[in-house]
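> This is the structure I want to talk about, given as structure tokens.
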Amino acid sequence: MAPSNDPVEFVEKGVDKLHARFIYYLKTVWKRIRSLLTPLSKFLKNLISGAKSLAKTVGKAAVKQVTSAAQYILKLITQVELTLKNLVKLGKRILDTIRKNLDRSRVVRILKTVIRKYVEMIRQVWGWIREIWDELGVLDTALSVISRFASVLQLVFRWIRDLTGILSAVKKVKSLLKKVLKTLRLEVKEAIRLLKDVAKLPVPKEA
């Protein structure tokens, strides 16, 4: 097969591959994660309302760790989801620009700007997911402390019965994120390499 004369063909292939991955993260992985952590929001509200009484049995530190970690995780879950949606939109826009615009000099100029933004968003998602992973470890440990007193606590707080399900959900999310972190780390490297190659692209002379 003869080599292509299209200077941005490699960009299309690179973005197309990344685009497919981020659609998968958004529509499959993140949908599953949000579903698993939905009960955490209700559990958190109950925990905050009963924090003072709960702290007398499990200690202030455990209650504070669960509260801060859960709040931060739920906040980041929303931020990642929103950024993934924007990444998918931007990825589609980049591919449409390459495929529908025959003026390659104009396409190269556009790519030099939008690919940088695209990669910045990918790196942002990567950073947030690592933070979620760290906070899930804190949350898991703190919830495990509270679970030691579950049999006593559920006599006063009926919602403590939900703790077993919450702990199970946290472990499942950790398992999902462990896989995501492994693959996303490689995709971040691919994106950065793509950005560097785009930066080196000479702008073709206008016809």
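The values are calculated or read from the model by the stated rules, or taken from the named source; none is laboratory data. Note that the coordinates shown come from a computational prediction; the quantities given were computed from them, not determined experimentally. For neighbour counting, all protein chains shown are included, and Cβ atoms are generated from backbone atoms with ideal geometry for every residue, glycine included. Note: accessible area is taken over every heavy atom of the protein model, side chains too, but ligands, DNA and RNA are not part of it. Shrake-Rupley method; radii C 1.70, N 1.55, O 1.52, S 1.80 Å.
> Can you tell me which condition K100 does not meet? The list is (1) closer than 21 Å to L18 by Cβ; (2) at pLDDT below 95; (3) touching a Leu at 6+ places or on another chain (Cβ under 6 Å), and all the others hold.
Unmet condition: (3).
> Could you figure out which of (1) open to solvent by less than 90 Å² (accessible area, probe 1.4 Å); (2) closer than 22 Å to K45 by Cβ; (3) touching a residue at least 60 places away in the same chain (Cβ under 8 Å) isn't true of K172?
K172 satisfies every listed condition except (1).
To keep it simple, each residue is scored yes or no on (1) touching a helix residue (DSSP H, G or I) at 6+ places or on another chain (Cβ under 7 Å); (2) under 26 Å from T183 (Cα atoms); (3) aromatic (F, W, Y).
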{"position": "N46", "(1), (2), (3)": "yes, no, no"}
{"position": "A69", "(1), (2), (3)": "yes, yes, no"}
{"position": "I94", "(1), (2), (3)": "yes, yes, no"}
{"position": "L102", "(1), (2), (3)": "no, no, no"}
{"position": "D134", "(1), (2), (3)": "no, yes, no"}
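> Also, quick follow-up: Can you report the number of residues in segment 85-100 which are open to solvent by less than 50 Å² (accessible area, probe 1.4 Å) and touching a residue at least 24 places away in the same chain (Cβ under 8 Å)?
Residues in segment 85-100 being open to solvent by less than 50 Å² (accessible area, probe 1.4 Å) and touching a residue at least 24 places away in the same chain (Cβ under 8 Å): 7 in total.
Conditions (1) acidic (D, E); (2) without any contact (Cβ under 8 Å) to a residue 40 or more places away in the chain; (3) closer than 24 Å to K174 by Cβ; (4) surrounded by 15 or more Cβ atoms within 10 Å (Cβ to Cβ), marked per residue:
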| site | (1), (2), (3), (4) |
| --- | --- |
| V58 | no, no, yes, yes |
| I77 | no, no, yes, yes |
| T83 | no, no, yes, yes |
| L102 | no, yes, no, no |
| I110 | no, yes, no, yes |
| V119 | no, no, no, yes |
| W126 | no, no, yes, yes |
| L136 | no, no, yes, yes |
| L143 | no, no, yes, yes |
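> Could I ask something else about it? Considering only segment 148-159, I want to know if a residue exists there that is open to solvent by 100 Å² or more (accessible area, probe 1.4 Å) and part of a helix (DSSP H, G or I).
So far as segment 148-159 goes, yes, one or more of its residues are open to solvent by 100 Å² or more (accessible area, probe 1.4 Å) and part of a helix (DSSP H, G or I).
> Just checking, does segment 13-36 include any residue being more than 17 Å from the chain's Cα centre (by Cα) and open to solvent by less than 60 Å² (accessible area, probe 1.4 Å)?
Yes: segment 13-36 contains one or more residues that are more than 17 Å from the chain's Cα centre (by Cα) and open to solvent by less than 60 Å² (accessible area, probe 1.4 Å).
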